[in-house]
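Engineer: First the structure, which I've put down as structure tokens, then a few questions once you've had a look.
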Amino acid sequence: MKNLVRVYAEDGSFIDREMNEAELEQFEIDKAEDELKQQAMNKAVANKAAAQAKLEALGLTADDLKALGL
């Protein structure tokens, strides 16, 4: 699949063209960064769910922890 970039003109028209090497390199960098951010977000969500499950197993809520100053 070709990586295309859409360039808009002032008159409202646009041109689709293939990315040049610099654009493609930056695209790959941005894509890798986005994947790392998504992995970190998924891990944070999983960690939060695990922590909530542990609290529930102990019969505690987040409000209970706040009341205890934790």
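Every read-out reported here was derived from the displayed coordinates using simple, explicitly stated rules and does not represent laboratory data. Here the structure is a predicted model, which means the values were calculated and not measured. Here the Cβ positions follow ideal geometry from the backbone for every residue, glycine too, while neighbour counts run over all protein chains shown.
Engineer: Just checking, how many residues over region 55-70 are exposed (fewer than 10 other Cβ atoms within 10 Å of the Cβ) and in a helix (DSSP H, G or I)?
Structural biologist: Selection size over region 55-70: 4.
Engineer: I would also like to ask the following. Is it true that Glu35 is touching a Lys or Arg at 6+ places or on another chain (Cβ under 6 Å) and surrounded by 10 or more Cβ atoms within 10 Å (Cβ to Cβ)?
Structural biologist: no
Engineer: Applying the selection to region 1-19, what residues are in a loop (DSSP other than H, G, I, E, B) and either surrounded by 10 or more Cβ atoms within 10 Å (Cβ to Cβ) or basic (Lys, Arg) (or both)?
Structural biologist: Once the filter is applied, which keeps residues that are in a loop (DSSP other than H, G, I, E, B) and either surrounded by 10 or more Cβ atoms within 10 Å (Cβ to Cβ) or basic (Lys, Arg) (or both), region 1-19 yields Lys2, Asn3, Met19.
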